[in-house]
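The values are calculated or read from the model by the stated rules, or taken from the named source; none is laboratory data. All values derive from a computational prediction rather than experimental measurement. In this analysis, Cβ positions are derived from the backbone assuming ideal geometry, glycine residues included, and neighbour counts consider all displayed protein chains.
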2 protein chains.
Amino acid sequence: MEKDISPLQGTELFKKLSPEQITKVLHICRTVHFFENDIIMKEGEIGDRMYIILKGTVEIIKRLIMDGIDDDEVAEKNKVFTRLDADQHSVFGEIALLQEFKRTATVRAVTDCTLYEISKNDFLTLAESDFEFGYRILLNMAGIVSARLRKADEDTIKLTTVLSMILKES
Amino acid sequence: MEKDISPLQGTELFKKLSPEQITKVLHICRTVHFFENDIIMKEGEIGDRMYIILKGTVEIIKRLIMDGIDDDEVAEKNKVFTRLDADQHSVFGEIALLQEFKRTATVRAVTDCTLYEISKNDFLTLAESDFEFGYRILLNMAGIVSARLRKADEDTIKLTTVLSMILKES
């Protein structure tokens, strides 16, 4: 399959990159395929690669309660499911390019999927060889991660508010 | 006061920068003073500068429950206080260098303080003029923000777990 820069151009992660810089990213993209119901990444596993959806739909499954809660019904109810597809030029797992973290969500292929995969090593090697590229992409990345941090902070405040109201009443 | 690079060298934000690059950061540092009890930044206000503690101790005050909860006692109880001082080469407000966000905490001077202040504009101008510098500092910044995001995610999971246990019992 001929590689095409357009799926990358639409993403938040690659905004403000020149076509030449996006072409460099393409060189480190590996095209990978998953079948319906395949698990693309698993929460808790160490990840070192990110993905861009070219074709198909995936589901991000995020656990809301801790491991070891011995009640499958409660555990199942306390998950958040978000779908992503190629129309949104969706990217996932991108924090793995920064640090080898445990994945914070499981991602499942809802349909057969074609994705671009970028490894942390290839990404860092490219960034170290072209600091302007590295700077621009990290500025985008930092913006994405900061926005998520803000949202997570707001969630914490909401949850603590609910908890304090319940505890006050009891 | 002669500017000294050593307070910057010890910080997570400036790690792996060369002495020359740290000297460039010093050029955009403004030395500012606050008196005991001064509010250095206020939660909810838009911030466009970060600080590095040179002398003194500050307190980070983070609200845990939402505005509009009409109960001062509850509101007061649901705050987290963290102290930072010069010994830890502490930095705060650094996300303001990435985006003009509302401050997520209030910072108060516990003692008289001397700080370095860096504005977003000066930082971005410097980074755009030296992409290697920009890349290295953003890689550090992205690491810091990612670690915070991971912690915030864990907090959300803990809070939801407690909440689901309480709701199950009631």
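Miscellaneous remarks
- Any hit, the stretch B:31-54, residues being at pLDDT 85 or above, surrounded by 12 or more Cβ atoms within 10 Å (Cβ to Cβ), in contact with a helix residue (DSSP H, G or I) (Cβ under 7 Å, 6 or more places away or on another chain) and not in a strand (DSSP E or B): yes
- For the stretch A:117-141, a residue qualifies if it is hydrophobic (A, V, I, L, M, F, W, C), more than 10 Å from chain B (Cβ to nearest Cβ) and surrounded by fewer than 21 Cβ atoms within 10 Å (Cβ to Cβ), and exactly one does: A:Leu126.
- Residue list for the stretch B:32-50, filter: closer than 16 Å to B:Leu97 by Cβ and basic (Lys, Arg): B:Arg49
- When the test is whether a residue is modelled with pLDDT of 85 or more, surrounded by fewer than 18 Cβ atoms within 10 Å (Cβ to Cβ), within 16 Å of A:Thr23 (Cα to Cα) and more than 10 Å from chain B (Cβ to nearest Cβ), A:Thr114 does not pass it.
- Check on B:Ile144, assigned to a helix (DSSP H, G or I), more than 7 Å from chain A (Cβ to nearest Cβ) and either under 18 Å from the mean Cα position of the chain (by Cα) or in contact (Cβ under 8 Å) with a residue 60 or more places away in the chain (or both): yes
- For the stretch B:5-22, residues that are farther than 23 Å from B:Asp48 by Cβ and in contact (Cβ under 8 Å) with a residue 12 or more places away in the chain total 6.
- Qualifying residues in the stretch B:80-99 (those that are surrounded by fewer than 21 Cβ atoms within 10 Å (Cβ to Cβ) and within 14 Å of another protein chain (Cβ to nearest Cβ)) - the one farthest from B:Met141 (Cα to Cα): B:Val80
- Residue in the stretch B:114-125 that is within 21 Å of the chain's Cα centre (by Cα), of a type in the set (Phe, Trp, Tyr) and not in a helix (DSSP H, G or I) present: yes
- Yes/no for A:Lys3 being at pLDDT below 90, in a loop (DSSP other than H, G, I, E, B) and at positive phi: no
- Any hit, the stretch A:55-69, residues being modelled with pLDDT under 65, within 13 Å of another protein chain (Cβ to nearest Cβ) and in contact with a Ser or Thr (Cβ under 9 Å, 6 or more places away or on another chain): yes
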